[in-house]
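Here's the structure we're looking at; comments come further down.
The values are calculated or read from the model by the stated rules, or taken from the named source; none is laboratory data. This one's a predicted model, so the numbers in the text were calculated from it and none came from an experiment. Quick reminder, even Gly has a Cβ in these numbers, built from the backbone with ideal geometry, and neighbours come from all protein chains shown. These accessible areas exclude ligands, DNA and RNA; they are computed on the full protein's heavy atoms, side chains included. Shrake-Rupley method; radii C 1.70, N 1.55, O 1.52, S 1.80 Å.
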Amino acid sequence: MVVEDATSSVCDLGILDSLNGDAVREIMETWNGYCFATEAALLNGRGDLSFESKLVSQARNLCKYGLESLVEEHFAGLLEETFEKNGASKFWEHFDVYSNVAAREMIMDRIQKDSIQQVLCKALEEISMEKQYQEKCLLLLIDVVQPYKDSTPEKRQNSGGTERLHLLSKYQSMVSSVLMATLPPHFPEILHWYFKGMLEEFSTIMADDCEDDSESHDKDEKSKLPYRTGDMDVEGCYRQNRLLQVVKNVGIVVHDLRNLGFTSMAEDAYASAIFLLLKATVHNLAGDDYRSSALESIKGWIQAVPLQFLHALLAYLGDSINYDDAPSSGLKSPLVSRPSSCYAGIDSSSEGLVRWQLRLEYFAYETLQDLRIAKLFEIIVDYPDSSPAIEDLKQCLEYTGQHSKLVVSFISALRYRLLTAGASTNDLLHLYVSTIKALRTINPAGVFLEAVGEPIREYLKGRKDTIKCIVTMLTDGTGRNSNGPGNTGDSLLEELNRDEESQVNTGVDDDFNTDDKQAWINAHCWEPDPVEADPLKGSRNQRKVDILGMIVSIIGSKDQLVNEYRVMLAEKLLNKSDYDIDAEIRTLELLKIHFGESSMQRCEIMLNDLIDSKRTNANLKATILQRSQTGAEAVGENGVSLDILNATIISSNFWPPTQDESFNIPEPVDRLLSDYAKRFNEVKTPRKLLWKKNLGTVKLELQFEDRSLKFTVTPLHASIITQFQDQTSWTAKNLSAAIGLPIDVLHRRINFWISKGILSESLGADSNDHIFTLVDGTADTSKTGANTGGYEELVVGDDDGDRSVASVEDQLHKEMAVYEKFVIMMLRSLGGMESHKIHNKLKMFYVADPRYDKSPQQLESFLSGLVAEDKLELIHGGIYKPV
């Protein structure tokens, strides 16, 4: 531009050589007058027509001599200088008060918001008036200069409009350049707070309108009187006028900013304000409430506030293009439908509004997704009550596709908050089951569950009580952890029930092959696996998220779980005081569906033993009663009623090994057992009973002078307290000899009665021989914790010595003991080996009975025991070598 004009001016000045002195003097006088008129018109002549007429007159005189290019160049330079002085400088002075950080922070206050609105509107109004006046002067000059540039009427007609647009465009570029060159760094922030304040005002008005609408729906028909309706119409019109005024004010500001070259800055400012308010609204509507869906509320807010605001703003600015005719009319939004208009004359969506709609919807999905992912640990802990939050997260991930963010974030939360030594195994298993169910909702194929669940599975494999907790949850529900999070056992039993129902409801069509039909459906619905999928796990179409299967995969073998269940079932059955096993039968039937009947055969025999025991016990007592001559209660040879005895008769070959503990039971009870065995032999000849006197339970009622207490305890505890029936005080040595129990075992078992306040312990003459004394009837009963209305039970199994059945670990150690010498000799001969090599050697070369049939995990546990006993040494690389 400058080069072109400079060249033109040089050519124009060459004209002076052909003029005489008078003409040159006239030109110089005219030039001086033109310069004075231009400066006066631009700097001081706003509204004064005389300055404008002088400018036009002097410019026309100079153009007669062919100096139109010089006229334009001088006017353009002075125009830029004047705008920088009268326009830009004064415009930025309005915002100097907000130049420091503290002042900008004060904008947050409501008074400051009103102030920034007033300052911005005033500044834009002043600079817009200055710009309009300069454009007016520029158009006057163009009208003067243009006829002299084009020699013929045809050229003037063709190029007049183009030249005008070109000069106006150059002026607009000059205005933008001057303003951007002097732009203060805090101006974009000021625009942001202005639009934020106006949008909040718009949102408040809309919220009040919605509240009034909801109140009007709740009113009964009597309140809907004509005069009330008129009041509502007036109030509604008042709010609509307020909304229109807000949109108009914002539209004026945006229009003025566009005219000054701040188009992108203005859009960025109100876009950031909209997104900031949308983010705050998502957090407010969703927050920490996981028991209700937030997407519907967010959808309603997006349609009511930002889309209505943008709809009206774009219409005011003239950016509306019919949605149906727009090239992007095929774009559809799953979150927000086409906004309904509440403004007159706005009945169709514009292309710009559709773009805004898609931007807002994606931002809303992403914000809600990030919020839910950040709290996914709490959501899963609260599952299934938090199912609505899981559904929201599922929809968000389907739209954004950011599943990897969920995997990384949740694994990090698990390692930091759950996979620690302080977390109980029950809590770990509960969260694992909840995680499976929740992520199965998000991704039924289980692709992301594989990645998320792997750290939990690996950590649970290192817990010694994992198998026991799993079995306990399958049988007892809560795993003896009533304070634990939820009822995981019920969840596992639900999975067993689901397997049963699926087998009952599964049928084969007469005319169709179900497998082929399903394969055809799968082929039509096939989709590739996500990038997060593990290729070693197979296609997601072949995966099935099976909770029990994933739980068993932690253990490594279903045989280990079945063995643990068998031991726990035996423990429960042997300590039952009655023959009620309905719950156990139901659980066994469900387990048979999942693990197969052959695996549960021994457990089924154990339950059948209880059923047979109930029948045999009833038949035996009925036979004794028939032989009684009096027809009264059946009485044994020692005068004790046989009705107080219920025997559990087991097939020992199918039961886990039981604990054997020898001690003396009271003589009347011993005679009662012998009498029962004798009568059993008479009825079931040639079968005989071999009593396990340490197993079972005894119901006791201890009667004192002022109270009567009831307990359900083991036979050993009953034998201890029975010794105090005839003698109220015993030394430890004498009591140990009377019961036939080692002193250390006696001290451990008698603590139960001491803790209940039934017995007291004191030092005797010999400091090593304690004295145990029965507490008299006047003692405080609050310590006992018992009452006369029911039986207080001693929890069997709290101590290893109280267990009726040997634990799986004890059984395994006993079974593996036969391989100990072979393993040690093999390692001495062949050198150190890893556990898997030892496992393979045992399977190949150990041919003696019993043959080696253990799993690698069981061998690993056995080898760890040998290391603990200093019989083997574990060196670097997992190699075992003899000590």
Selection within segment 38-49 - modelled with pLDDT under 70 and either open to solvent by 50 Å² or more (accessible area, probe 1.4 Å) or under 60 Å from the mean Cα position of the chain (by Cα) (or both)
Leu43, Asn44, Arg46, Gly47, Asp48, Leu49
Does segment 405-414 contain at least one residue that is open to solvent by 10 Å² or more (accessible area, probe 1.4 Å) and of a type in the set (Phe, Trp, Tyr)?
no
For a quick check of your reading of the model, give me the residue pairs whose first member lies in segment 271-282 and is farther than 14 Å from Trp301 by Cα, whose second is hydroxyl-bearing (Ser, Thr, Tyr), with beta-carbon atoms closer than 9 Å and at least 6 apart or on different chains.
Ala273/Tyr194
Mind checking whether some residue in segment 446-455 is farther than 22 Å from Ser292 by Cβ, of a type in the set (Val, Ile, Thr) and in a helix (DSSP H, G or I)?
yes
Checking the structure you have, find out if any residue of segment 661-671 is free of Cβ contacts under 8 Å to residues at least 60 places away in the same chain, among the charged types (D, E, K, R) and within 22 Å of Ala570 (Cα to Cα).
no
I need the full set of residues from segment 415-444 which are open to solvent by 20 Å² or more (accessible area, probe 1.4 Å), under 22 Å from Asp392 (Cβ atoms) and β-branched (Val, Ile, Thr), in order please.
Thr441
Does Leu607 meet the test of being of a type outside the set (D, E, K, R), open to solvent by less than 60 Å² (accessible area, probe 1.4 Å) and either in a helix (DSSP H, G or I) or modelled with pLDDT of 70 or more (or both)?
yes
Which of the residues belonging to segment 650-690 are over 56 Å from the mean Cα position of the chain (by Cα) and assigned to a loop (DSSP other than H, G, I, E, B)?
Phe663, Asn664, Ile665, Pro666, Lys684, Thr685, Pro686, Arg687, Lys688, Leu689, Leu690
Please go through segment 178-188 and give me each residue that is surrounded by 15 or more Cβ atoms within 10 Å (Cβ to Cβ) and either in a helix (DSSP H, G or I) or among the hydroxyl-bearing types (Ser, Thr, Tyr) (or both), ordered by number.
Val178, Leu179, Phe187, Pro188
Please name all residue pairs, on different chains or six or more residues apart, with Cβ atoms under 6 Å, provided the first residue is in segment 163-191 and is among the polar types (S, T, N, Q) and the second residue is surrounded by 15 or more Cβ atoms within 10 Å (Cβ to Cβ).
Ser176/Gly261; Thr182/Ala88
Looking at segment 824-883, which of the residues that are under 23 Å from Asp559 (Cα atoms), assigned to a helix (DSSP H, G or I) and small (Gly, Ala, Ser) is modelled with the highest pLDDT?
Ser835
Residues of segment 60-86 satisfying the condition of being of a type outside the set (D, E, K, R), surrounded by fewer than 19 Cβ atoms within 10 Å (Cβ to Cβ) and out of contact with any Asp or Glu (no Cβ under 9 Å at 6 or more places or on another chain):
Gly77
Go over the candidates Glu454, Glu458, Glu501, Glu495 one by one and state the one that is at pLDDT below 75, closer than 25 Å to Phe595 by Cβ and open to solvent by 40 Å² or more (accessible area, probe 1.4 Å).
Glu501
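Results for (1) in contact with a helix residue (DSSP H, G or I) (Cβ under 7 Å, 6 or more places away or on another chain); (2) more than 17 Å from Thr616 (Cα to Cα), shown as yes or no for each residue.
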| site | (1), (2) |
| --- | --- |
| Pro657 | yes, yes |
| Ala677 | no, no |
| Val683 | yes, no |
| Lys699 | no, yes |
Any idea which of (1) at pLDDT 85 or above; (2) closer than 16 Å to Val305 by Cβ is the one Leu191 doesn't satisfy?
(2)
What helices (runs of 4 or more DSSP H) completely inside segment 703-760 contain at least 3 residues that are of a type outside the set (Gly, Ala, Ser), open to solvent by 50 Å² or more (accessible area, probe 1.4 Å) and modelled with pLDDT under 90?
743-755
Going through Ser18, Ser57, Ser89, Ser9 one at a time, which residue ends up being modelled with pLDDT of 75 or more and either open to solvent by 50 Å² or more (accessible area, probe 1.4 Å) or not basic (Lys, Arg) (or both)?
Ser89
In segment 829-850, the residues that are surrounded by 11 or more Cβ atoms within 10 Å (Cβ to Cβ) and not hydrophobic (A, V, I, L, M, F, W, C):
Gly832, Glu834, Ser835, His836, Lys837, His839, Asn840, Lys841, Lys843, Tyr846
Subset of segment 761-777 (residues that are β-branched (Val, Ile, Thr) and either within 20 Å of Leu700 (Cβ to Cβ) or open to solvent by 50 Å² or more (accessible area, probe 1.4 Å) (or both)):
Thr773, Val775
When you go through Lys576, Lys572, Lys621 one by one, which is the residue that is open to solvent by 20 Å² or more (accessible area, probe 1.4 Å), closer than 26 Å to Leu689 by Cβ and at pLDDT 85 or above?
Lys572
Can you name the condition, by its number, that Gly401 falls short on among (1) free of Cβ contacts under 8 Å to residues at least 12 places away in the same chain; (2) touching a helix residue (DSSP H, G or I) at 6+ places or on another chain (Cβ under 9 Å)?
(2)
Please name all residue pairs, on different chains or six or more residues apart, with Cβ atoms under 9 Å, provided the first residue is in segment 405-418 and is under 15 Å from Ile436 (Cα atoms) and the second residue is open to solvent by 20 Å² or more (accessible area, probe 1.4 Å) and aliphatic (A, V, I, L, M).
Val407/Ala451; Ile411/Ala451
Being among the aromatic types (Phe, Trp, Tyr) and under 41 Å from the mean Cα position of the chain (by Cα) is the filter; apply it to segment 236-281 and report the residue that is farthest from Ala312 (Cα to Cα).
Phe275
